[in-house]
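The values are calculated or read from the model by the stated rules, or taken from the named source; none is laboratory data. Quantities reported herein were computed from a predicted structural model and do not represent experimental measurements. Heads up, the Cβs are rebuilt from the backbone with ideal geometry, glycines too, and the neighbour counts pull from every protein chain shown.
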Amino acid sequence: MYRGWEVTLRSFAEWIAGTGLSVLFRSTEWVVPALQSIHLAGVGVVLASLLMITLRILRQTHDQSLVATTRRFTPWLWGALAVLFVTGLGLIVTEPERELLSTSFWLKMLLLVIGSGIVLAFQRSLYRHERRWEEGLVRHGRVKAMAVGTFAVWCGILLMGRLIAFDTQFWGGLTQQVASHAAN
Amino acid sequence: MELMQFFQSLESSAVADWIRTSFYAQPLISALHLFGLAMIFGTISIVDLRLLGIPNTSRPFTLVASELLKWTWLAFGLTLITGLLMFTTSAAAYYQNTPFRLKMLVLLLAGLNMLIFELLTVRSVDKWNKNARTPTAAKIAGLLSLVFWISIICFGRWIGYTERYDFGVPSDMNLDFLP
């Protein structure tokens, strides 16, 4: 049943699982819950930062310009993303098979690329065409829809992150060990 | 004893049964609970940091608070509802679970901290609303709120790693089913 890339991924995951760091993390009980807790707090900072920018675009807040609001929250957004990257990497090192062999994980990565791409493109365009954004674009219905859509993409990232634990149940999953358990 | 009977009736309720048997209920309820908790922490931390003067005090505190706390409460409602739903599926086990108890205790402390702040500390807000050092009491409230909510996240995560509770998953399976 295995396709080629699954074999590659599986052997890659097994290689990670065999490294000293992975063994050390797994033998230390509190590592995974601690990493997940920091990860979740980071998700909170990312979502709240995005919420504030989204609310400004939707004109729910208006005491500061869009540029000022974006400058205020994007450092938190990218800073928190860096924390998420490090803790996420730690989780992959600790439980490589659980992460790398789950459909949810790869959907999460896909959404992450899309979500980050939109935010980056938005930032670039905003700083280059400040006046166009402040005077016109921010009032466009399409821009507002885009802002809400972007927030939804990031909620999707959280959802996929949670679904990693339910991967087999949801997608049929790639992890055989779990599949055999689920059948019991 | 009566409490345990109540928990048992919760566990055998139609709602609990639906969550246990439904294909989507557990993952989605759990994801919504996480989403709510993340939003609570994210939004309240902006208010807490403003109390601590981070990054500065140039935006009026009352504006920051009114802008954000409505979202915090909305997220709290979502987290409470989804949390109660999760509780019904294994009420007795949750009740006896140490991290769960600690989480509820800290939640109570976070509520008290907020109550004291809203009833007493915020009264003098006109004096420090903008471009002024926040009083020590307000700083302590902000710092405590941050500590409490981070603790709530940690204790919540920890519940998933205690043996007693698991949504009926085989005990040898290395999966956590609780946020």
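Observations on the model:
- Exactly one residue out of A:Leu24, A:Leu50 is in a helix (DSSP H, G or I) and within 18 Å of the chain's Cα centre (by Cα): that is A:Leu50.
- Within the range B:60-79, the set of residues being of a type in the set (Ser, Thr, Tyr) and either touching a helix residue (DSSP H, G or I) at 6+ places or on another chain (Cβ under 8 Å) or crowded, with 19+ Cβ neighbours inside 10 Å (or both) comprises B:Thr62, B:Thr72, B:Thr79.
- Single condition A:Leu51 does not satisfy, out of (1) more than 8 Å from chain B (Cβ to nearest Cβ); (2) under 25 Å from A:Gly161 (Cα atoms); (3) not charged (D, E, K, R): (1)
- Considering residues of the range A:91-133 that are farther than 24 Å from A:Thr74 by Cα and outside any helix (DSSP H, G or I) only, the residue nearest to the chain's Cα centre (by Cα): A:Ser102
- Matching residues in the range A:1-48 - criterion: being within 8 Å of another protein chain (Cβ to nearest Cβ), under 30 Å from A:Arg71 (Cβ atoms) and free of Cβ contacts under 8 Å to residues at least 60 places away in the same chain: A:Ser37, A:Leu40, A:Ala41, A:Gly44, A:Val45, A:Ala48
- Residues being on the phi < 0 side of the Ramachandran plot and part of a loop (DSSP other than H, G, I, E, B) - total across the range B:120-146: 7
- Residues considered: A:Thr70, A:Thr87. Of these, the only one that is within 20 Å of A:Trp154 (Cβ to Cβ), away from chain B (no Cβ under 14 Å), surrounded by 15 or more Cβ atoms within 10 Å (Cβ to Cβ) and modelled with pLDDT of 95 or more is A:Thr70.
- Residue within the range B:98-114 that is surrounded by 14 or more Cβ atoms within 10 Å (Cβ to Cβ), over 18 Å from the mean Cα position of the chain (by Cα) and at pLDDT below 95 present: no
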